[in-house]
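The values are calculated or read from the model by the stated rules, or taken from the named source; none is laboratory data. Keep in mind that what you see is a predicted model, and the values were worked out from it rather than measured. Glycine gets a Cβ as well: all are built from the backbone with ideal geometry, and neighbour counts include every protein chain shown. Accessible surface areas use protein heavy atoms only, side chains included; no ligands, DNA or RNA. Shrake-Rupley method; radii C 1.70, N 1.55, O 1.52, S 1.80 Å.
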Amino acid sequence: EIISGVRVKTFSRFHKKKIEKELTKKLEKHYKEFNVTVSADGKFIHETTKMMNSTDTDKLAKEIKKLKK
């Protein structure tokens, strides 16, 4: 599974959904065997960074499911 957070420039925020769709298509093309999730939400980026730095692997799967919802 691939989870990606993307930072967008100030005026690009009006096209977040379009940017997310394009990046999802590109990643799915290159990584066909993975489930791809792309988000341009700032909180998504913050939470994924926090999870990457966490050492508690037991909660990791739960947090990923919660974040994807």
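Among the residues of region 1-35, those identified as acidic (Asp, Glu) and either surrounded by fewer than 12 Cβ atoms within 10 Å (Cβ to Cβ) or farther than 19 Å from LYS69 by Cβ (or both) are GLU1, GLU22, GLU28, GLU33.
Looking across region 27-58, just one residue is under 18 Å from THR10 (Cα atoms) and hydroxyl-bearing (Ser, Thr, Tyr), and that is SER39. In region 34-63, the residues that are under 20 Å from LYS16 (Cα atoms) and of a type in the set (A, V, I, L, M, F, W, C) form Cβ pairs under 9 Å with partners that are open to solvent by 100 Å² or more (accessible area, probe 1.4 Å) and outside any helix (DSSP H, G or I), at six or more places apart or across chains, as follows: VAL36/GLU1; ALA40/ARG7; ILE45/ARG7.
Pairing each residue of region 1-15 that is within 11 Å of VAL38 (Cβ to Cβ) and touching a residue at least 60 places away in the same chain (Cβ under 8 Å) with any residue that is among the charged types (D, E, K, R) and part of a helix (DSSP H, G or I), provided the two are 6+ apart or on different chains, yields no C-beta distance under 6 Å. The residues of region 36-69 that are in contact with a strand residue (DSSP E or B) (Cβ under 6 Å, 6 or more places away or on another chain) and buried (at least 17 other Cβ atoms within 10 Å of the Cβ), listed by number, are VAL36, THR37, VAL38, SER39, PHE44, THR48.
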